[in-house]
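What follows is a short report on a single structure.
The values are calculated or read from the model by the stated rules, or taken from the named source; none is laboratory data. What you see is a predicted model, and the numbers here were worked out from it, not measured in a lab. Ideal geometry is used to build each Cβ from the backbone, glycine not excepted, and the neighbour counts take in all protein chains shown. Just so you know, the surface numbers come from the protein's heavy atoms only, side chains and all, with ligands and any DNA or RNA stripped out. Shrake-Rupley method; radii C 1.70, N 1.55, O 1.52, S 1.80 Å.
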Amino acid sequence: MTTFELLEPESVEEATNLLAQHGDEARIIAGGTALVIMLKNRLISPGYVVSLGKLDELHYIHEETDGTLRIGALTTIREVERSPKVQARCPTLARTCGQVGNVRVRHAATVGGNLSEADYASDPPAVLMAARARVRARGPRGEREIPLTDFFKGFYETALAPDEVLIELIVPAAPPTTRSSYLRYLTRSSEDRPCLGVAAFVDVDDRGICRDLRVVVGAVAETPQEVDAAEKLGIGQRLTAELIQTIAEEYARSIDPLSDLRGSAWYRRQMVRVFVRDAVQGALDDGKA
Amino acid sequence: MKRIVQLRVNGVAREVAVEPHHILLDVLRQEFDLIGPREGCGIGMCGACTVLVDGVPLSSCLMLAALAAGKELVTIEGLSTGSELHPIQQAYLDHNAFQCSYCTPGFILGTKALLDENPSPTPGEVREYLSGNLCRCGSYVKILDAVLDAAQRLHSASEAGGVSGSLGPGANT
Ligand SMILES: Cc1cc2nc3c(=O)[nH]c(=O)nc-3n(C[C@H](O)[C@H](O)[C@H](O)COP(=O)(O)OP(=O)(O)OC[C@H]3O[C@@H](n4cnc5c(N)ncnc54)[C@H](O)[C@@H]3O)c2cc1C
Ligand code: FES
Ligand code: FES
């Protein structure tokens, strides 16, 4: 590993100024679980590493009166997993965080780091995209909100500018009739990243008609995949087993999967079909919130 | 450029000079002569390098040493009191819950963190919590027995009033 200068700003302003000042030479470190591996493998060799470790102001989980969750970027995955507020408001998110890597990784890894890393084989992004979450980013030119549907741009690439810090994750309250699930499929060992993960959020009215359907498939392509045309097949309809199968077929047809050690493109396509079906059915059967 | 940082390890604070890119695991082994934390994978997957940091288990192979300043670090060496083993250590010994023992310090610290958080875990909860600790010798069955037994021992000890060697994070400050 080549050495660098370690900077430890005490406010977000100071952090963004340092990032702006050092440009391409600077990289943020939060929990370090991804960044340290990149440094060790010499995938990157920044001149400056800017630690967010002193920014206690980014460490919180707030619940607003309307049920919206505001989660500071430095909150760990483990804290989200165990938070009673998240368990009550978005149990699928809490459960999904509980499935990330292993307990040591979850204790170190932060929400901001997980999203900013933008590794295609991550779990929380699919759930958060389906939940229509957004992030707040702050840079030297001010603050902006980015919906997660516009956040992931490619392999390890996000909409964040190099001098922007992701400061907050906002998870809007879902209508109380919403049900959800996340199914994670592992092809290797239990602590591995997924071959595929499907998040399904379904809102059904009391007559059994689907008001809203959001299905996001993670870990199969550069970015989490959502197929609007397939979701539209379900909206306004009764979600019968046949219709769910049709929606799953449409996902399998529309997504162009990648091949890696966890599965070939051909295999992933078959699994998209199976797991989209099971995730939507699972949400209908027993998913809460 | 080296900087002087103060690291608190097993209740004792010491200043060391580290480079910003130095990894905590290497500093513990080389500067502190603590060889309980070991390198297995170097990428957070195996748990051989586990250290308790402010009471929670972390992979020291993924931590910059300089960023551990101000935190309370506990390695396996900090678990016993004098020559008396911690009840979890004793349970691992009594159950022969290892063969080569390369993974053992990590498993024991993981167990400590688990039982601090959840004093009476079910077998499923133990498996789940320790699923990120790998044992190449495959001692998993005996490890599970040792953890469940350790939970019992800690339970009886606390009922009898006070656990010997129950070093919580920062307990011997
Ligand atoms: C053994 C292992 C198993 C894993 N298994 C899984 C898994 O099953 N599922 C899964 O989803 N993930 C998994 N991961 C990935 C893990 O979730 C990420 O490494 C972690 O979430 C990254 O967060 P961090 O705080 O450690 O980020 P860091 O490593 O500190 O940073 C990651 C990247 O994000 C940038 N960054 C960090 N914070 C911010 C911010 N606030 N604003 C802007 N940029 C920022 C950094 O510059 C860097 O590029 C695994 C990791 C390991 C090591
Ligand atoms: S050496 Fe750190 S987890 Fe394997
Ligand atoms: S006892 Fe040999 S690795 Fe676990």
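In whole percent, what relative contact order does chain B give with Cα contacts below 8 Å and a gap of six or more residues?
Details: 308 pairs, mean separation 42.4, N = 173.
Computed value for chain B: 25 percent relative contact order.
How shielded is A:33-41 by partner chains, expressed as the average number of their Cβ atoms within 10 Å of its Cβ atoms?
On the way: counts 6, 2, 2, 12, 5, 0, 3, 6, 2.
Per residue, the number of nearby Cβ atoms from other chains is 4 on average.
Can you give the local net charge around B:Val74? Use residues other than it whose beta-carbon is closer than 13 angstrom to its beta-carbon, Lys and Arg +1, Asp and Glu -1. Display every interim value, and only then the final one.
Working: positive: B:Arg8, B:Lys71, B:Lys112; negative: B:Asp54, B:Glu72, B:Glu77, B:Asp116.
My count for the surroundings of B:Val74 gives -1.
Relative to the longest principal axis of the C-alpha atoms of chain A, give the angle of the C-alpha long axis of helix A:265-286, reported between 0 and 90° and rounded to the nearest 10°.
70 degrees
For chain A, what relative contact order do you get, as a whole percent, if you take Cα pairs closer than 8 Å and at least 6 residues apart? Mind showing how you got there, number by number?
Numbers: 646 pairs, mean separation 45.8, N = 289.
In percent, rounded to a whole number, it is 16.
Taking each pair of distinct Cα atoms in region A:120-212 once, what is the resulting Kirkwood hydrodynamic radius in Å?
Values: mean 1/r = 0.0657 Å⁻¹.
Every distinct Cα pair counted, the radius reaches 15.2 Å.
What accessible area, in Å² to the nearest ten, does a 1.4 Å probe give for A:Asp256?
A:Asp256 has an accessible surface of roughly 120 Å² with all protein chains in place.
What is the average number of partner chain Cβ atoms found within 10 Å of a Cβ in B:16-23? Before the final figure, lay out each step's value.
Details: counts 0, 0, 1, 4, 9, 10, 2, 5.
The mean count of partner-chain Cβ atoms within 10 Å per residue comes to 4.
Mind checking the angle between helix A:12-22 and chain A's longest principal axis? C-alpha axes, 0 to 90 degrees, to the nearest 10.
Orientation of helix A:12-22: about 70 degrees from the principal axis.
In chain A, once you exclude exposed trypsin sites (Lys or Arg not before Pro) (DSSP loop, at most 14 other Cβ within 10 angstrom), what's the longest stretch remaining? Spell out each step's value before the answer.
Working: sites that count: A:Arg42, A:Arg141, A:Arg188, A:Arg207, A:Lys288.
The answer is A:43-140.
Could you give the DSSP H helices of chain B that reach 18 angstrom or more along their long axis (alpha carbon positions) and whose average Kyte-Doolittle hydropathy is no lower than -1.0?
Values: long enough: B:104-117 (20 Å, 0.41); B:140-159 (29 Å, 0.15).
TM-like helix candidates: B:104-117, B:140-159.
Which whole-Hz couplings ³J(HN,Hα) result when phi for each residue of region A:48-62 is put into the Karplus expression 6.51 cos²θ - 1.76 cosθ + 1.60, θ = phi - 60°, listed in order with x for Gly and Pro?
9, 10, 9, 7, 8, x, 8, 8, 4, 4, 9, 10, 6, 10, 10
Pick from B:Pro57, B:Pro105, B:Pro119: which is most flexible by mean-square fluctuation in a GNM of chain B where alpha carbon atoms under 10 Å apart are linked?
For chain B, modelled as a Gaussian network with Cα springs under 10 Å, the answer is B:Pro119.
Identify the GluC sites (Glu not before Pro) of region A:38-145 meeting these criteria: DSSP loop state and at most 15 other C-beta atoms within 10 Å of the C-beta.
The qualifying sites are A:Glu64.
Give the cross-link partners of B:Lys2 among the aspartates and glutamates, using a straight C-alpha distance below 16 Å as the criterion and excluding same-chain residues fewer than 8 apart.
Excluding near neighbours in sequence, the set is A:Glu5, A:Glu8, B:Glu15, B:Glu19, B:Asp26, B:Glu31.
Gaussian network model of chain A, Cα springs within a sub-10 Å range: biggest mean-square fluctuation belongs to which of A:Leu128, A:Leu233, A:Leu115?
A:Leu233
Between region A:112-126 and region A:258-289, how many Å separate their Cα centres?
If you average the Cα positions of each part, the centres end up 18 Å apart.
For region A:56-162, which chymotrypsin sites (Phe, Trp or Tyr not before Pro) are both in a DSSP coil and crowded by at most 14 other Cβ atoms within 10 Å? All intermediate terms of the calculation are to be shown ahead of the outcome.
Details: sites: A:Tyr60, A:Tyr120, A:Phe151, A:Phe152, A:Phe155, A:Tyr156; in loops: A:Tyr60, A:Tyr120, A:Phe151, A:Phe155, A:Tyr156.
Within region A:56-162, the qualifying chymotrypsin sites (Phe, Trp or Tyr not before Pro) (loop, at most 14 other Cβ atoms within 10 Å) are A:Tyr60, A:Phe155.
Can you compute 3J(HN,Hα) from phi for each residue in region A:97-102, using the Karplus curve 6.51 cos²θ - 1.76 cosθ + 1.60 with θ = phi - 60°, rounded to whole Hz and x for Gly and Pro?
Once rounded to whole Hz, the list reads 4, x, 9, 6, x, 9.
For the protein assembly as shown, count all C-alpha to C-alpha pairs, find those more than 44 Å apart, and express that count as a whole percent of the total. Don't skip to the end; give the middle numbers.
On the way: 16446 of 106491 pairs.
In whole percent, the share of Cα-Cα pairs in the protein assembly as shown beyond 44 Å is 15.
Just to verify a number: FRET efficiency for A:Thr3 and A:Ile37, C-beta to C-beta distance, R0 = 22 Å, to 0.05? Kindly include the intermediate steps, with their values, before the conclusion.
Working: r = 17 Å, r/R0 = 0.77.
The value I calculate is 0.85.
Are there trypsin sites (Lys or Arg not before Pro) in region B:83-159 that DSSP puts in a loop and that have at most 15 other Cβ atoms within 10 Å, and which ones?
Numbers: sites: B:Lys112, B:Arg127, B:Arg136, B:Lys142, B:Arg153; in loops: B:Arg136.
Those that pass, being in a loop and sparsely packed, are B:Arg136.
Treating only the Cα positions of region A:56-171 as identical point scatterers, give the base-10 log of I(q)/I(0) from the Debye formula at each q in 0.12, 0.16, 0.19 Å⁻¹.
-0.37, -0.68, -0.98
Let me check against my output: what whole-number percent is the relative contact order of region A:181-225, with C-alpha pairs under 8 Å and at least 6 apart? Don't jump to the answer; show the numbers that get you there.
On the way: 71 pairs, mean separation 13.5, N = 45.
Relative contact order of region A:181-225: 30 percent.
GNM on chain A, C-alpha springs below 10 Å: top fluctuator among A:Thr92, A:Thr68, A:Thr177?
Comparing A:Thr92, A:Thr68, A:Thr177 in the GNM, the peak value goes to A:Thr177.
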